[in-house]
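Remarks on the structure that follows.
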Amino acid sequence: MGGCFSKPKPVEVKVEVVLPEKEREKEEMSPNGKASPLAYKANGTTRLYHHEERPIVLNPYTNPKDMVEASVCHVKDLENGQMREVDLGCGKALLIKQNGDFYAMGHKCPHYGAPLVKGVLSKGRVRCPWHGACFNIATGDIEDFPGLDGLPKFQVKIEKERVYIRASKQALQSQRRTKVMAKCIALSNYSTAITNVLIIGAGPAGLVCAETLRQEGFSDRIVMCTSEKYLPYDRSKLSKSMDSQAEQIFLRSKEFFHTYDIEMLTETQVVGMDSKNKRVVFKDGFRMEYNKLLIATGSTPKTLKCKGKELDNVFTIRTPEDANRVVKLASSKNAVIVGASFLGMEVAAYLCEKAHSVSVVELENIPFKKFLGEKVGLAIMKMFENNRVKFYMQTEVSELREQEGKLKEVVLKSGKVLRADVCVIGIGASPTTGFLKQSGVTLDAKGYIPVNKVTSISVYTMLENLRNIHNVAALRSFSLNYLDYYY
Ligand SMILES: Cc1cc2nc3c(=O)[nH]c(=O)nc-3n(C[C@H](O)[C@H](O)[C@H](O)COP(=O)(O)OP(=O)(O)OC[C@H]3O[C@@H](n4cnc5c(N)ncnc54)[C@H](O)[C@@H]3O)c2cc1C
Ligand code: FES
């Protein structure tokens, strides 16, 4: 990169979708059998996304009044492989030097705002120091999750050995770039009981699928359903900021779904699926037909099997309500956490300042031993102990005892009895696939759907999969913790 700024190119988005003849015929019809408004080229292989179909999105490089340009350093100020935060007067950018070329993009991770300059630069990507999202330095695109948005990309030029950055003020302020997306242009008088794409599950997997389809120009009906009462939210926050309200951790706003015509059915649980007739049944008896289905129902926390497991103050953390109630009940009281898992330890970390006592019960001898090894596990354990967390290792719970209907004690197999006003169970999760039992979909003994590498979680293969996956029987078992699958 160097010389002068490259001229902004007009945006023309083409999505190449090569469809087998039979599939193409089907695709050209809406699920209600009417002609689909999707356009195909004469040779039938390319879906062209018409520019006028797109929502109006400001291109940061087109409004001269919005632009700022500044000299930020000398070319020799940065070594190859180095990054630096530079100030353009009205906002900062991340300047990167790799293989003699300079790149500039947003400096804050769009996920939760981590300073990317503290991240790792490797092979054309910057990895966020906090939760590992990965950004392409040439495009600013997000290439690994968590997070949904990419970074704004700024222009760089070299003049008389000085590095200049030209950037949109708006992009410098926002520090995020949402990809251009299609809207639904399907006929508005379609039956509500028929959709082209149905996504069961409104976690990050379901949401990313819907967004990716729109980003790739898919302009037919998309319906997402969730048994929860909220729009997709960041579940991982529940063990880290346990007092979060759902609205504070929404992944996208209500307006977002409205703008991109992603229909969201909340408190709508699927209780049955008929893969042969491409139909699902909801809890209230309503049936919906689909053309393509994504199962992104995630997992369900495992519970204890011992006496007292159903007591009121015993929780798994799955929803904002669970987390909020635990905080309330643990405040100045005794909390027992079963499982020194990531979830359990995060809950312990959150509660240790608020509760009177926090005890962690674990089968292994050292937390995180499998993931981080003995040394790191022991160091973490020490750190927790220094913060008043007590560990009961190599034992398990034999009974949860109550007094007047409320949890009072946790009895361990070792014989130890712990006082407990609230108990959090963090012992793993199993796939949420119960509703698929009569569906014609193969489940293994643990409830996982057998998949192969191609059909495992991959947003990149989503479009292709949405067209091709029908042959479950040919797939081999692949253990996934969190299950997302396309039909
Ligand atoms: C407390 C907690 C902390 C976590 N922390 C981290 C972390 O720090 N880092 C990390 O990488 N991961 C973390 N995880 C795991 C992470 O949240 C999951 O990997 C992620 O949410 C999986 O996303 P998903 O979209 O596959 O499923 P989920 O987020 O589980 O969403 C599943 C969706 O399916 C819906 N659903 C299920 N069954 C049905 C049905 N029959 N009908 C209709 N809808 C249905 C649910 O309502 C939900 O909307 C954490 C999880 C928890 C619970
Ligand atoms: S803040 Fe960057 S991945 Fe979370």
Total residues in the stretch 230-241, condition within 8 Å of ligand 1 (Cβ to nearest atom) and not in a loop (DSSP other than H, G, I, E, B): 5
Positions within the stretch 217-246 being more than 17 Å from residue 293 (Cα to Cα) and away from ligand 2 (no atom under 16 Å from the Cβ), in sequence order: 217, 228, 229, 230, 231, 232, 242, 243, 245, 246
Candidates 100, 124, filtered to the one that is under 25 Å from residue 180 (Cα atoms) and outside the structural domain of residue 251 (by TED's automatic domain parsing): 124
Matching residues, the stretch 360-392, being open to solvent by less than 10 Å² (accessible area, probe 1.4 Å) and either free of Cβ contacts under 8 Å to residues at least 12 places away in the same chain or assigned to a strand (DSSP E or B) (or both): 360, 361, 377, 389
Some residue of the stretch 206-229 being closer than 30 Å to residue 322 by Cβ, away from ligand 1 (no atom under 14 Å from the Cβ) and either in contact (Cβ under 8 Å) with a residue 12 or more places away in the chain or not assigned by TED's automatic domain parsing to the domain that holds residue 297 (or both): yes
When residues of the stretch 254-274 are limited to those that are of a type outside the set (Asp, Glu), in a helix (DSSP H, G or I) and open to solvent by 30 Å² or more (accessible area, probe 1.4 Å), the one farthest from residue 437 (Cα to Cα): 259
Yes/no for residue 63 being at pLDDT below 95 and either open to solvent by less than 40 Å² (accessible area, probe 1.4 Å) or away from ligand 1 (no atom under 16 Å from the Cβ) (or both): yes
Search result, residues across the stretch 199-229 that are outside any loop (DSSP other than H, G, I, E, B) and among the charged types (D, E, K, R): 211, 214
Of all residues making up the stretch 110-145, the number that are open to solvent by less than 20 Å² (accessible area, probe 1.4 Å) and in a loop (DSSP other than H, G, I, E, B): 9
Odd one out for residue 145 among (1) away from ligand 2 (no atom under 16 Å from the Cβ); (2) under 23 Å from residue 209 (Cβ atoms); (3) modelled with pLDDT under 95: (1)
Every residue from the stretch 393-429 that is assigned to a loop (DSSP other than H, G, I, E, B) and open to solvent by 80 Å² or more (accessible area, probe 1.4 Å): 394, 404, 413, 414, 416
Residue check, residue 251 within 16 Å of ligand 2 (Cβ to nearest atom), outside the structural domain of residue 394 (by TED's automatic domain parsing), under 30 Å from residue 212 (Cα atoms) and buried (at least 19 other Cβ atoms within 10 Å of the Cβ): yes
Lone unmet requirement of (1) modelled with pLDDT under 95; (2) open to solvent by less than 10 Å² (accessible area, probe 1.4 Å) for residue 89: (2)
Wholly within the stretch 275-341, strands (runs of 3 or more DSSP E) carrying at least 1 residues that are surrounded by fewer than 20 Cβ atoms within 10 Å (Cβ to Cβ) and in contact with a Pro (Cβ under 9 Å, 6 or more places away or on another chain): 287-295, 299-301
Every residue from the stretch 430-440 that is surrounded by fewer than 16 Cβ atoms within 10 Å (Cβ to Cβ) and assigned to a loop (DSSP other than H, G, I, E, B): 437, 438, 440
Residue within the stretch 179-187 that is among the hydrophobic types (A, V, I, L, M, F, W, C) and open to solvent by 60 Å² or more (accessible area, probe 1.4 Å) present: yes
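Starting from residues that are in a strand (DSSP E or B) and free of Cβ contacts under 8 Å to residues at least 40 places away in the same chain, keep the ones in the stretch 64-93 and report whichever is nearest to residue 122 (Cα to Cα).
Applying the filter and picking the extreme gives 82.
So if I check each of 226, 178, which one is of a type in the set (Ser, Thr, Tyr) and modelled with pLDDT under 95?
On inspection, the qualifying residue turns out to be 178.
Which one is most open to solvent (accessible area, probe 1.4 Å) among residues in the stretch 148-178 that are within 15 Å of ligand 2 (Cβ to nearest atom) and aliphatic (A, V, I, L, M)?
Selected residue: 148.
The values are calculated or read from the model by the stated rules, or taken from the named source; none is laboratory data. Quick caveat, the model's predicted, so the values are computed rather than measured. Ideal geometry is used to build each Cβ from the backbone, glycine not excepted, and the neighbour counts take in all protein chains shown. Just so you know, the surface numbers come from the protein's heavy atoms only, side chains and all, with ligands and any DNA or RNA stripped out. Shrake-Rupley method; radii C 1.70, N 1.55, O 1.52, S 1.80 Å.
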